[in-house]
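One structure is given here, and the rest of the page talks about it.
The values are calculated or read from the model by the stated rules, or taken from the named source; none is laboratory data. Given the structure is predicted, the values throughout are model-derived calculations rather than measurements. Positions of Cβ are backbone-derived with ideal geometry, glycine not excepted, and every protein chain shown enters the neighbour counts. Areas reflect the complete protein model, heavy atoms only, side chains present, ligands, DNA and RNA absent. Shrake-Rupley method; radii C 1.70, N 1.55, O 1.52, S 1.80 Å.
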Amino acid sequence: MDHETYKPGEKSIKPRIIFVGRLERYKRTLMLIDIFKKIKKNIDLEMLIIGSGRDFSELKKKSNNLKDFHVLGFIDEKEKLKLMKSAWLAVTPSMKEGWGLTVLESNACKVPVVCFDVPGLNEAVLDGKTGFLVKTEKEFIEKCIEILNDKKLRDKLSKNAVDWAKRFTWEKTAEENLKFINQKI
């Protein structure tokens, strides 16, 4: 990970949740509409959805009348970083992932993450330390509300998230791969 690019920045004044990733069925991005509505009953917040994919049009159409729910689609890297850094919380409703790269990018930007406890994501999130791994949609919503309402918890998770993300560098990845390859030769 490029820690010169992915680093903490200025947070939004209004609570902001962000999703960054492919807008595909297996990512369950349509679920974000219901999650947003339920959190919005308790907290005046906004949600930003960044990414492209087959669910873009449906997500845009189904959320069209929702105030503060923004389906931005694909945006350039500079704008993505600015918005990511401004978020209070990142979410990933996916039920399968190879690895949570956007989780670590968010963490590096001082943003804790709530996601489901599934392979890939449960390796990228330290439950209770850099965010939360949940089993149900109800628990997903509860943890989002808890983080947004509890500044002390949010600050702790955010600090831990940055420290965790710093452990992942492209140099370290290359070294680990070379070590693995050399063991096999």
Kirkwood-Stokes translational diffusion coefficient of the chain, alpha-carbon pairs, 10 °C, 1.306 mPa s, µm²/s: 95
Label-reachable residues, the range 63-95, where backbone N falls under 17 Å from a point 7 Å from Asn42's Cα toward its Cβ: 88-92
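Between beta-carbons, use under 13 Å as the cut-off and find the net charge around Asp150, counting Lys and Arg +1, Asp and Glu -1. Don't skip to the answer; put the middle values down first.
Working: positive: Lys143, Lys151, Lys152, Arg154, Lys156; negative: Glu142, Glu146, Asp155.
The answer is +2.
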Modelled FRET efficiency - R0 30 Å, Ser52 with Glu146, Cβ distances, 0.05 increments: 0.45
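So, with +1 on the Cβ of K and R and -1 on the Cβ of D and E, and no other charges, what is the size of the charge dipole of the chain about its Cα centre, to the nearest 20 debye? Please report the intermediate quantities before stating the final value.
Numbers: 37 positive and 28 negative charges, 90 e Å.
Value, rounded to 20: 440 debye.
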Theoretical gain in end-to-end length, Asp68 to Lys159 [0.36 nm per residue, Cα-Cα removed]: 30.1 nm
Using alpha-carbon coordinates, inclination of helix 31-40 to the longest axis of the chain, degrees: 60
Spin-label model distance (nm) - Met95 vs Glu4, 7 Å beyond Cα toward Cβ: 4.2
³J(HN,Hα), Karplus 6.51/-1.76/1.60, whole Hz, each residue of the range 54-66, x for Gly, Pro: 5, 8, 4, 4, 5, 4, 4, 5, 6, 9, 3, 9, 8
J(HN,Hα) series, the range 153-161, from Karplus relation 6.51 cos²θ - 1.76 cosθ + 1.60, nearest Hz, glycine and proline x: 5, 4, 5, 5, 4, 5, 5, 4, 4
Angle between the chain longest axis and helix 137-149 axis [Cα atoms, degrees, rounded to 10]: 90
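Over the chain, give the accessible area per residue in Å² for a 1.4 Å probe, as an integer.
Working: 9940 Å² over 185 residues.
Heavy-atom SASA per residue in the chain reads 54 Å².
Could you tell me what percent of the accessible area of the chain is made up of carbon and sulfur, with a 1.4 Å probe and every protein chain present?
Values: 5360 of 9940 Å².
Of the solvent-accessible surface of the chain, carbon and sulfur hold 54 percent.
What does the highest-first list of 47-55, 35-43 look like by mean Cβ count within 10 Å?
So the order, starting with the most tightly packed, is 47-55, 35-43.
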Theoretical gain in end-to-end length, Val118 to Lys166 [0.36 nm per residue, Cα-Cα removed]: 15.0 nm
